[in-house]
Amino acid sequence: MKANVHGHKETRTRTGIKILLTSLSAMVAETSTFPIDLTKTRLQLHGESQPLSSSTRRPTNSFRVAAGIVRDQGVSGLYKGLSPAIIRHLFYTPIRIVGYENLRNLVSADGSLSLSSKALVGGISGAIAQFVASPADLVKVRMQADGRLINKGLQPRYKGPFDAFNKIVAMEGLGGLWKGVLPNVQRAFLVNMGELACYDHAKRFVINNQISDDNIYAHTLASIMSGLSATMLSCPADVVKTRMMNQAASKEGNAMYKSSYDCLVKTVKIEGLTALWKGFFPTWARLGPWQFFFWSLGGKCEIGCASCACCGLFKFVST
């Protein structure tokens with residue numbers, strides 16, 4: 001009896017430490033790479049509903065967008081929307097990481113899965129986590145997009161994350177916080193398929209083929225490869241998600257897009273198929289460093305308290 005009670009306490013303690021470590025690691029990773037994420041969002045909204053032949057549509061790239069933000073708003077402008085992004089990761093990252101471990105152990109008692117099984121488990125855990133964290137993601141996207149209003153000399157829609165939550169609920173109802181949740185969940189499923197499973201597989205490949213030992217170089221190579229696969233899979237859903245979340249219904253209840261499918265069709269019809277991969281390079285440029293900071297910091301934390309046998313958090317992606 002006492003052994004069972006002790007076992008339950010130890011499990012709760014391990015889970016609590018895992019949640020704490022994932023949250024802290026995600027906060028550092030998000031803060032370090034947030035300017036790239038902001039640049040990606042602005043690129044995805046650039047030229048929205050403007051045909052390729054439009055005379056008002058100016059070509060742009062990541063460097064022009066980032067330079068324009070710094071010029072008009074200062075360096076601090078690159079961190080517009082950081083607070084809701086951190087709030088999002090307090091829910092999203094612990095749920096997807098701990099959920100991945102639990103689902104993996106549920107499917108296989110010894111934790112050994114094929115690449116396809118890891119991809120499916122990773123996708124499911126990511127989709128569940130994103131559904132829970134979607135309101136914070138919505139606020140982040142809208143605050144990031146507000147910078148475009150500031151550039152035009154207009155007032156931003158929201159003063160901060162809590163003001164955004166209040167205004168969205170007041171004007172669009174509680175369900176408004178989950179606007180764009182379908183493409184958001186689809187994106188999370190695809191990202192986590194590419195990220196969790198491919199990071200795991202790529203790291204094994206690098207070490208088993210003696211390209212590198214299990215060190216910082218292996219982390220870097222695995223992050224680059226998994227970031228590329230995740231970006232290729234998820235970019236179209238990410239573009240649709242960003243546009244769906246950014247649109248706020250007018251007082252008459254009108255909106256540019258009726259649904260995710262409508263957004264997808266209009267984007268391709270007006271801007272061309274390549275519009276679905278807007279922000280591809282900053283997305284990839286962000287995912288690689290994000291994973292590097294996250295997994296490396298988590299690994300350091302694990303080594304630092306390995307004696308307590310509670311921090312096996314970052315071992316599960318290598319088994």
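The values are calculated or read from the model by the stated rules, or taken from the named source; none is laboratory data. Note that the structure is predicted; figures quoted are calculated from it, not measured. Cβ atoms come from the backbone with ideal geometry, glycine included; neighbour counts cover every protein chain shown. To get the accessible areas, we keep the full protein, side chains included, count just its heavy atoms, and leave off ligands, DNA and RNA. Shrake-Rupley method; radii C 1.70, N 1.55, O 1.52, S 1.80 Å.
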Practice item. Output the residues belonging to the range 68-121 that are within 30 Å of Asn151 (Cβ to Cβ) and basic (Lys, Arg). Key: Arg71, Lys80, Arg88
Exercise for review: Tell me which residues, restricted to the range 154-168, are in contact (Cβ under 8 Å) with a residue 24 or more places away in the chain and either among the hydrophobic types (A, V, I, L, M, F, W, C) or open to solvent by 60 Å² or more (accessible area, probe 1.4 Å) (or both).
Suggested key: Arg157, Ala164, Phe165, Ile168
Review point. How many of the residues in the range 169-200 are farther than 21 Å from Arg243 by Cβ, open to solvent by 50 Å² or more (accessible area, probe 1.4 Å) and within 20 Å of the chain's Cα centre (by Cα)?
Key: 1
Point to revise | Residue pairs meeting the criteria (Cβ under 6 Å; at least 6 apart or on separate chains; first without any contact (Cβ under 8 Å) to a residue 24 or more places away in the chain, in the range 138-151; second surrounded by fewer than 24 Cβ atoms within 10 Å (Cβ to Cβ)) | key: Leu149/Pro156
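Let's see how each residue does on (1) modelled with pLDDT of 70 or more; (2) of a type outside the set (Gly, Ala, Ser); (3) touching a helix residue (DSSP H, G or I) at 6+ places or on another chain (Cβ under 8 Å); (4) not in a helix (DSSP H, G or I):
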residue	(1), (2), (3), (4)
Ala29	yes, no, yes, no
Leu43	yes, yes, yes, no
Gly47	yes, no, yes, yes
Pro51	no, yes, yes, yes
Ser55	no, no, no, yes
Ala67	yes, no, no, no
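Matching residues to (1) buried (at least 18 other Cβ atoms within 10 Å of the Cβ); (2) modelled with pLDDT of 90 or more; (3) among the basic types (Lys, Arg):
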{"position": "Thr60", "(1), (2), (3)": "no, no, no"}
{"position": "Phe63", "(1), (2), (3)": "no, no, no"}
{"position": "Ala85", "(1), (2), (3)": "yes, yes, no"}
{"position": "Arg96", "(1), (2), (3)": "yes, no, yes"}
{"position": "Gly99", "(1), (2), (3)": "yes, no, no"}
Review point. Residues in the range 107-119: is at least one within 20 Å of the chain's Cα centre (by Cα) and either farther than 26 Å from Gln247 by Cβ or not acidic (Asp, Glu) (or both)?
Key: yes
**Study point:** Exclusive hit being in contact (Cβ under 8 Å) with a residue 60 or more places away in the chain and not polar (S, T, N, Q), set Arg88, Arg64, Arg96
**Key:** Arg96
Practice item. Within the range 203-250, count every residue that is open to solvent by less than 10 Å² (accessible area, probe 1.4 Å) and at pLDDT below 85. Key: 6
Exercise for review: Read through the list (1) open to solvent by less than 10 Å² (accessible area, probe 1.4 Å); (2) in contact with a helix residue (DSSP H, G or I) (Cβ under 7 Å, 6 or more places away or on another chain); (3) not small (Gly, Ala, Ser), then give the number of the only condition that Asp146 fails.
Suggested key: (2)
Practice item. Could you run through the range 86-122 and say how many residues are in contact with an Asp or Glu (Cβ under 9 Å, 6 or more places away or on another chain), in a helix (DSSP H, G or I) and more than 20 Å from Phe189 (Cβ to Cβ)? Key: 1
Practice item. From the list Ala230, Ala237, Ala248, pick out the single residue that is outside any helix (DSSP H, G or I), among the small types (Gly, Ala, Ser) and on the phi < 0 side of the Ramachandran plot. Key: Ala248
